[in-house]
Ligand SMILES: [Mg+2]
Ligand SMILES: [Mg+2]
Ligand SMILES: [Mg+2]
Ligand SMILES: [Mg+2]
Ligand SMILES: [Mg+2]
Ligand SMILES: [Mg+2]
Ligand SMILES: [Mg+2]
Ligand SMILES: [Mg+2]
Ligand SMILES: [Mg+2]
Ligand SMILES: [Mg+2]
Ligand SMILES: [Mg+2]
Ligand SMILES: [Mg+2]
Ligand SMILES: [Mg+2]
Ligand SMILES: [Mg+2]
Ligand SMILES: [Mg+2]
Ligand SMILES: [Mg+2]
Ligand SMILES: [Mg+2]
Ligand SMILES: [Mg+2]
Ligand SMILES: [Mg+2]
Ligand SMILES: [Mg+2]
Ligand SMILES: [Mg+2]
Ligand SMILES: [Mg+2]
Ligand SMILES: [Mg+2]
Ligand SMILES: [Mg+2]
Ligand SMILES: [Mg+2]
Ligand SMILES: [Mg+2]
Ligand SMILES: [Mg+2]
Ligand SMILES: [Mg+2]
Ligand SMILES: [Mg+2]
Ligand SMILES: [Mg+2]
Ligand SMILES: [Mg+2]
């Protein structure tokens, strides 16, 4: 747990978190805690049992805003990539008049990357801090969206070019990811709508307009994911059609070859019969004549099938 | 039927249920009845005919809250596993100012497992009892959700690894279960929204905030089941594609073998013809030469098909 | 047309319908008319032209409640079975302060089966009569629902056990029935919601709570039909997969047999060639040796295909 | 352009349309104009530029009601059949206090067929004229609905009986028509809801109840088309299953025949081998014995395949 | 950046944009800027940081209306064709009391084509300018809609006539385009609804009625795109059925040919057996007789398969 006094975006580390209970003469306190350290903060800042329970939960959290006496409780999910997998990590925030407490179980990049912005914007208020933090969290969803869009386009092209059986698993994994993310985007939109529109005393009215900008982004992301889900239908269709088409084509070639050899074998059968007076069997060039005939029949059929686009 | 006086979470068994009609000096009464015992309770607590009818019904019940003069009637479904099957069991609750009546047809685990919590939290009010009871009921849905998620993931993997015809039945059963549970989750959400948001005199205002926490869980579960339903599409697709793919592959091998033997048989046919002067038929090593030719043709085709990925 | 004076559930037949225009000293009048007899009732009870038009229409009717000066006009569809087919029959009801008029084109069972209930409950008011009548109408939908559920389960099992081509037609008919009934269930819910919630002077406030119970049933039925529609997807899938699987399997057996005979025929071809010095052709047991070889090759392939689960 | 003075349903032709600007002593004016004649009417009746633009547009029109100072502008689409094709034709109506202007590009049957009704009902008000006109327009949709229902049922039966490739095109055309009509039915419902429920000064309150009756019909039609769209799924399924089934069956017969001849040809191959001591080759009835054996094998296989339902 | 003073639709170029800060004696200023020139305008017209950020963004923009102190910020997407591809280009508009600022990244045709209209209508107000500009932007969507409709119809016909593998890619591309455009049409409807219905001081009330006309068009376009998406199902179905049908047909011909040659080859096999006393083998015309028999069998089978429609 790190307690910082933030004044015009400049951090001063505070030793004892209890100092943060009363308002500073200037700026605000930012307490950055691990979920396991929450127990000691609860009595100091009057956190509700249910809030603590939510922070401690290892389940996926629904983004939300809860208005309590003296502070707000905000949950939002940060998104990140690691080795081609997408992870959602709950970021729990307690926003007070003169402090902001961020509670996380795992490292969340945005808590680090927000720092230079605070300095640059000379942030002096906890609600402004909240805005920049959530702004960064939501912006990262665009990166994931772009990546998914790229994967869809790439996969579509791959499948149309050269379908492989492994594409099926890729389609299925991609759809799973899109469906799970879509589920998470609904409540995120609601949270940002609340931060923009609800009458919130701890957030400056001017600032709420800025949350409207993030809300717009959240809506854009959710709409994009709805479209991704629909586009997956393209992949499925391309995969099934291409695979079936390729299987049919190979079978067609095999069957065509068999079909071409049938009449040839039939001719050899005729001249293989042990009957008297097979016409021409005793001519000198009989064998060559028959071979010539068979060549003509075989290539004739081959040419015919080709011309009919059957082969 | 068991009648208990509950004081700070401690139970005292009461012999005569009629004692529970008037408020105790401290704590509240909990009457735990079987549906068949409801007849004797109806006049004592002024239960409505329609309420009794609902409790007696053997049909699946929709979760609901009905506000009556003097008491509330609450129906919620408890979920449980037995031998890989999911059962919903109606839990009927009558909440009064100084009593709570639970009416069930079958054993409901939550009525047992809630007891230690009552003791620990020193529960002294019927509405707090109600909260802990419903909290446990709803939490059990998460277990079912996790189990279904596991089954989906497992089945997906199984199908992609080695599709079997029995997977079809498993997919169908899984989808049925998800669809029936989804249907039950809609009204459960409504019930918990009502307990959280409606103006309810028999439930402490502070406590209604706690019901909001359960409502949030109910929403999470319902969203998860919507996603499960969509994910089932993955299973269907994996099954169909894999099965069709496997069938095609086997047929392809068979057909390829047939196709390879066609020209070989054709060559034997040529030399089986009863014509004079078959070229080379009387050479000493004719048979071996032809066998060699046929090996070359056969393996040539085999190699060609392999290289084209047709075999 | 039958006109009855109903007092505490006891019927007294009235000769002249005009008597029913003015209120009885006790009880109410129930006029049970055929649509063709409506013309004579219209002026007596001030029925609206559009109401009469609706009753006379041979089209399917949408359930509805229309509030007129002095009476309500209610349309609901009764459901019944005949020879495995489902029929909806419009039941038109005019509810007045002291009378109820039921107008039908065909026999409706509920009009008969409601009578013992009236006697038992000693019904003395037309709105109570209306409640019991609609209660019975809606309850019958559960029977249809259960029947459809049974058919779905049975068909699913049949298809998985032994798919037949006739199953396709059964699936299609079942889906048609479910889709048409689903369409009818939406407005039925609306009607019952109106009877429960709207401010209706001709229906006792206490009684409206009872209509809420029917409304709950109507919602349950509609939700069940939504689920039936989704479950039909299971049948379609089971049918298509099973049929395709069976067709593939038969073809596989045929093709495998052909494939097994190809090398055997090839061997006979080799020894059928008219070349000198066929190796071993003049050994005494050549024929038996070759037959033995062919047996080994044939059964070897058969065994191989079996072990690979291809046959 | 025809200008008529309508008194108790009786028409009197008016030469100069400018007469219609001021109210008649009795009845109302009906101006029936072609869209090209609208220019001369615009200044006389104070029509808005946007209204005129809508009338002149050759695009499909959305049904709507626009309330202007002094008149209403109503657009509704008339439906008609010609050679198995469905056409929507915009009917533009300007309703004033003492006049109604109908503006069309093509002939609309309802403008002719409404005349006898006006006479019979002795219509004396433009809003009553409007009611009868729209009533007829909407009733025609039922005819189209019934026709589509008949085509669906017929096609379903045809497909199940004897699937043809042309059925695919029929299904596709039918679905297109249903989808385009469905799109048109949404705004039509809205228009009729507005005519029924909005506070409209130019329409008699008593009459608005009658528009409610048409609104009910518009809702019925829209619900029916939703169901038609869902039923199309049945056709698609029947077509695909039947076609695939038939293709499989033919292939199965071919393959079975081939499979039956394989062992027979194999036997001839054995006795075609040029090896010494073929067992029984020199018996007198060898040929007949072998032919007998081959008959037994061939018919045995045929019988076996039949019994297994493979053929 | 071009600054123009617009008086009755006539343009006068202004050198210094700072002149546009104060209202002209007559008409209004139109500043047509590139996004890179926005920095200099921001302080002059008091543009908000978030507005500038939106203009500078290279992401796709959601159409929207933001009401600020002193000006409105409007974003709408212009649509255009280039080489069979569809592009959306953000058009950012700042509407003030006496000025309108249009900010774009790329050339937008409507900004050029609106000029003659301004002159013709003698536009003197910035809100009227806005109306004509947006009217043109939205009208262009109809062109795209018509083009998509044509492509769907054309593709449907092509596929039914002669299915090609490239059709799959065309279907997939078409569906992608429709899905992405559909996503963009939702917020466009909202924007136009706001311009029509919200209480907007900077837009003349009379003029808002005109925006209602554009809103109607936006709704029409959105409904058409919903229908296009549904119609794509037709294409998919035609493609899959035709391709599968054609593949089946070719295979059927091949297999039929093979099947026809089987019994013929069998007959040759019989007479190829090295057994004594082959019936008729030593008749003079044996070879011709057998060839005749084989011709009869072969053509008989061919004729039979044809009559059964198998070939
Ligand atoms: Mg919680
Ligand atoms: Mg999860
Ligand atoms: Mg969850
Ligand atoms: Mg992007
Ligand atoms: Mg996964
Ligand atoms: Mg297939
Ligand atoms: Mg009930
Ligand atoms: Mg039920
Ligand atoms: Mg059930
Ligand atoms: Mg979980
Ligand atoms: Mg089941
Ligand atoms: Mg449902
Ligand atoms: Mg969801
Ligand atoms: Mg009617
Ligand atoms: Mg019908
Ligand atoms: Mg109907
Ligand atoms: Mg049931
Ligand atoms: Mg039917
Ligand atoms: Mg439902
Ligand atoms: Mg217009
Ligand atoms: Mg059109
Ligand atoms: Mg259009
Ligand atoms: Mg009909
Ligand atoms: Mg068409
Ligand atoms: Mg419907
Ligand atoms: Mg923005
Ligand atoms: Mg994009
Ligand atoms: Mg986007
Ligand atoms: Mg068009
Ligand atoms: Mg693309
Ligand atoms: Mg639509």
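Just so it is clear, none of the values below were taken in a lab; they were calculated from the coordinates. The structure presented is a predicted model; accordingly, all values stated were derived computationally and were not measured. All Cβ positions, glycine included, derive from the backbone under ideal geometry; neighbour counts span all protein chains shown.
When DSSP beta bridges are limited to those with both residues in chain E, what percentage is antiparallel, rounded to the nearest 5? Spell out each step's value before the answer.
Values: 31 of 37 bridges.
Taking every DSSP beta bridge with both residues in chain E, the antiparallel ones total about 85 percent.
Which one, D:141, D:283, D:131, has the greatest fluctuation when you compute a Gaussian network model over chain D with C-alpha springs under 10 angstrom?
Highest fluctuation among the options: D:283.
Multiply the residue separation of residue A:32 and residue A:249 by 0.36 nm, subtract the distance between their alpha-carbon atoms, and state the gained length in nm to one decimal.
Values: separation 217, 0.36 × 217 = 78.12 nm, distance 6.24 nm.
Gain on extension, residue A:32 to residue A:249, equals 71.9 nm.
What whole-number distance in Å separates the alpha-carbon centres of region A:277-302 and region D:209-260?
54
Specify the residue with the greatest mean-square fluctuation among D:250, D:74, D:267, computed from a Gaussian network of chain D linking alpha-carbon atoms under 10 Å apart.
Of the options given, D:267 has the highest mean-square fluctuation.
To one decimal place, what Kirkwood hydrodynamic radius in Å is obtained for region D:205-287 from all pairs of distinct Cα atoms? Let's see the in-between values first.
On the way: mean 1/r = 0.0503 Å⁻¹.
About 19.9 Å for region D:205-287.
For residue C:98 paired with residue C:180, estimate the spin-label separation in nm (one decimal), with each label point 7 Å from Cα along the Cα-to-Cβ line.
With each label point 7 Å from Cα toward Cβ, the separation is 4.3 nm.
With everything on Cα atoms, drop me the angle between helix B:166-197 and the longest principal axis of chain B, reported from 0 to 90° to the nearest 10.
30
Ordered shortest first, which distances in nm separate the 7 Å Cα→C-beta label point of residue A:82 from those of the other copies?
In nanometres, ordered from closest: 4.3, 4.3, 6.9, 6.9.
If contacts are Cα pairs under 8 angstrom and at least 6 residues apart, what is the relative contact order of region C:83-143 in percent? Walk me through the intermediate numbers first.
Numbers: 41 pairs, mean separation 17.7, N = 61.
Dividing the mean separation by the residue count of region C:83-143 yields 29 percent.
Which value results when the Cα radius of gyration for the protein assembly as shown is divided by 2.2 N^0.38 Å?
Details: Rg = 41.2 Å, N = 1555, 2.2 N^0.38 = 35.9 Å.
Here the Cα radius of gyration is 1.15 times the empirical estimate.
How far, in nm to one decimal, is residue D:34 from itself in the other copies if the label point is set 7 angstrom along Cα toward Cβ? Shortest first, please.
The projected label point of residue D:34 is separated from its counterparts by 5.4, 5.4, 8.7, 8.7 nm.
Using only alpha carbon pairs under 8 Å that are at least six residues apart, calculate the relative contact order of chain E and give it in whole percent. Don't jump to the answer; show the numbers that get you there.
On the way: 370 pairs, mean separation 46.1, N = 311.
Relative contact order here is 15 percent.
Quick one: angle between helix B:205-271 and the longest Cα principal axis of chain B, in degrees between 0 and 90, rounded to 10, please.
Helix B:205-271 and the main axis of chain B meet at about 10 degrees.
Taking the 0 to 90 degree range and rounding to the nearest ten, how far is the long axis of helix A:286-307 tilted relative to the main principal axis of chain A, both from C-alpha atoms?
Between the helix axis and the principal axis of chain A, the angle is about 30 degrees.
Enter the mean number of other protein chain beta carbons within 10 Å of the beta carbon of each residue in B:173-180, as an integer. Show your work: numbers first, answer last.
Working: counts 2, 0, 5, 7, 0, 1, 8, 4.
Mean partner-chain Cβ count within 10 Å for B:173-180: 3.
Need the C-alpha centroid separation for region E:128-158 versus region D:46-87, integer Å.
Here the two parts' Cα centres lie 20 Å apart.
How far is residue D:285 from itself in the other copies, in nm, if each label sits 7 Å out from Cα along the Cα-Cβ line, shortest first?
So the distances to the same position in the other copies read 3.0, 3.0, 4.9, 4.9 nm.
For region A:245-308, what does the convex hull of the Cα positions come to per residue, in cubic angstrom? Intermediate results must be reported in sequence, preceding the final value.
On the way: hull volume 5.0 nm³, N = 64.
Dividing the Cα hull volume of region A:245-308 by its residue count gives 78 Å³.
How would you rank A:33-40, C:11-18, highest first, on the average number of other Cβ atoms within 10 Å across their residues? Can you show the working numbers first?
Working: A:33-40: 14.9, C:11-18: 12.2.
The peptides rank, most packed first, as A:33-40, C:11-18.
Once you average over the residues of E:245-253, how many Cβ atoms of partner chains fall within 10 Å of each Cβ? The partial results should precede the final answer.
Details: counts 5, 3, 8, 8, 3, 10, 10, 4, 6.
Mean partner shielding for this stretch: 6.
Work out the FRET efficiency for residue E:86 and residue E:45 from their Cβ-Cβ distance, taking R0 = 35 Å, and round it to the nearest 0.05.
Values: r = 33 Å, r/R0 = 0.93.
Efficiency at R0 = 35 Å is approximately 0.60.
Given the rotation that superposes chain C on chain D, what residue of C brings its beta carbon nearest the axis, and what is the distance in Å?
So the closest residue, with its distance, comes out as C:272, 4.
Any idea how far apart residue C:16 and residue E:8 come out in nm if each label point goes 7 Å out from Cα toward Cβ?
So the label points at residue C:16 and residue E:8 sit 8.6 nm apart.
For region B:62-217, what relative contact order do you get, as a whole percent, if you take Cα pairs closer than 8 Å and at least 6 residues apart? Intermediate results must be reported in sequence, preceding the final value.
Details: 166 pairs, mean separation 36.4, N = 156.
Over region B:62-217, the number comes to 23 percent.
What average count of beta carbons from other chains do you get within 10 Å of the Cβ of residues in C:287-293? Before the final figure, lay out each step's value.
Numbers: counts 10, 4, 1, 4, 4, 0, 0.
Across C:287-293, the average partner-chain Cβ count within 10 Å equals 3.
Using only helices, what value at 222 nm comes out for the protein assembly as shown when you add -39,500 (n - 2.57) per DSSP H run of length 4 or more and divide by the total residues, to the nearest 500 deg cm²/dmol? Walk me through the numbers on the way to the answer.
Values: 39 runs with 928 residues, N = 1555.
So the helix-based figure for the protein assembly as shown works out to -21000 deg cm²/dmol.
Can you pull a Stokes-Einstein diffusion coefficient for region E:2-244 at 20 °C (1.002 mPa s), Rh from Kirkwood over Cα pairs, as a whole number of µm²/s? List each step's numbers first, then the result.
Details: Rh = 19.5 Å.
Here the translational diffusion coefficient equals 110 µm²/s.
Once label points are set 7 Å from the Cα along Cα→Cβ at both residue D:121 and residue A:293, what is their separation, rounded to one decimal in nm?
8.7
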